[in-house]
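Everything below concerns the one structure shown next.
Readers should treat all values here as calculations from the given coordinates under stated rules, not as data from a laboratory. The shown structure was predicted, so the numbers you read here are calculated from the model rather than taken from an experiment. Methodologically, a virtual Cβ is constructed for each residue, glycine included, from the backbone with ideal geometry; neighbour enumeration extends over all protein chains shown.
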């Protein structure tokens, strides 16, 4: 009699364990699908990230194909991103090898590197690139100057608006915030 009572409990426990192992943290991408930030970035490693410019209150910024401003983190280095895990939910990485949109010229060097999680991340002048979840429309720069996840976030300003200082987009591997740029 005891054995019959334990079997359903054991089966239930195994079922719950299997179900729990199949779940992972997720976030919603701009396309409305749900996936882990790292999984979606790793899956897009062979993709191309099409970049363009966008006019904003800061001036002309680098943007993704939807017109959303691109950012870099002051503590990143030219070959390593410090933005991982929950940071990627707020600051999704620009996944894939970057290229300028058709007919567009972008100043600076576009490149990419492979992150420790296997994702290919786009870079501009050596800076790993991200978007900001707080920017809900093209041309917004709500993430510029924010201090979060251990460093300052800067919009990639290609040419400053009239009366604003010109950014100094230099690359540094020190990781100590010596990137220059506008908004810092």
Cβ crowding within 10 Å averaged over residues, with 134-144, 62-72 ranked highest first = 62-72, 134-144
Spacing of the two label points (7 Å from each Cα toward its C-beta) at residue 100 and residue 162, in nm = 2.5
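Quote the relative contact order of region 35-160 in percent (integer), defining contacts as alpha-carbon pairs under 8 Å separated by 6+ residues. Mind showing how you got there, number by number?
Values: 303 pairs, mean separation 44.1, N = 126.
RCO, region 35-160: 35 percent.
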Model label zone, residue 89; criterion: amide N under 13 Å from point 7 Å along Cα-to-beta-carbon; scope region 101-120 = none
